[in-house]
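Just below is one structure, and these are the notes that go with it.
The values are calculated or read from the model by the stated rules, or taken from the named source; none is laboratory data. This one's a predicted model, so the numbers in the text were calculated from it and none came from an experiment. Reconstructed Cβ throughout: ideal geometry from the backbone, glycine too, with neighbour counts over all protein chains shown. Heads up: the accessible areas ignore ligands, DNA and RNA and are worked out on the full protein's heavy atoms, side chains in. Shrake-Rupley method; radii C 1.70, N 1.55, O 1.52, S 1.80 Å.
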Amino acid sequence: HCLAVRAVCRRDIDRDRGHGYSWKITLLRNYWKSKVKQEWLSGKYSNIPSQHSLPEKSMYPMDVDTWGEILEAELER
């Protein structure tokens, strides 16, 4: 699970590990973020008609760099 999360959220995982968090805490801190980010990057929400169509778990606090990655992926579609 840790490697799958790191594949999506490398910057966050490396930062947490650099701050001395254990792998367990790092995974708990980043698991849902990686799931939501992967869904956005895969285009799951590319053609939604309105914000009301988004499932409850479609949002998660993410930094500006992460949203930039998502926007770049959308622009390439």
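Figures for the structure shown
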| quantity | calculated |
| --- | --- |
| Residue-averaged [θ]222 nm for the chain, counting only DSSP H segments that reach four residues, each worth -39500 (n - 2.57) | -19500 deg cm²/dmol |
| Karplus 3J(HN,Hα) series, Hz, for region 40-57 with 6.51 cos²θ - 1.76 cosθ + 1.60 (x for Gly, Pro) | 5, 5, 6, x, 4, 10, 5, 10, 7, x, 7, 4, 6, 7, 6, x, 4, 8 |
| Proximal aspartates and glutamates relative to LYS44, as straight alpha-carbon distance under 20 Å, when same-chain residues fewer than 8 apart are discounted | GLU56, ASP63, ASP65, GLU69, GLU72, GLU74, GLU76 |
| Principal-axis tilt of helix 64-76 within the chain, Cα atoms, nearest 10 degrees | 40 degrees |
| Most mobile of TRP40, TRP67, TRP32 in a GNM of the chain (Cα contacts under 10 Å) | TRP67 |
| Environment charge of ASN47, counting only residues whose C-beta is closer than 14 Å and scoring Lys/Arg +1, Asp/Glu -1 | 0 |
| Where only alpha carbons of the chain are counted, the Rg and the Dmax (Å) | 13.3, 42 |
| For the chain, size of Cβ-based charge dipole, Lys and Arg +1, Asp and Glu -1, in debye | 400 debye |
| Sequence-distant aspartates and glutamates (8 or more away, or on other chains) whose Cα lies within less than 18 Å of LYS24 | ASP12, ASP14, ASP16 |
| 1.4 Å probe accessible area per residue over the chain, in Å² | 71 Å² |
| Accessible surface, 1.4 Å probe, highest first, among residues ARG6, ARG11 | ARG11, ARG6 |
| Cα Rg, Dmax, region 33-76, angstrom units | 10.0, 26 |
| Sequence of ASP16, ASP65 when ordered by accessible area, the most exposed leading, probe 1.4 angstrom | ASP65, ASP16 |
| Among LEU71, TRP23, VAL36 - extreme Cα towards positive end, dipole of the chain, charges at beta-carbon | TRP23 |
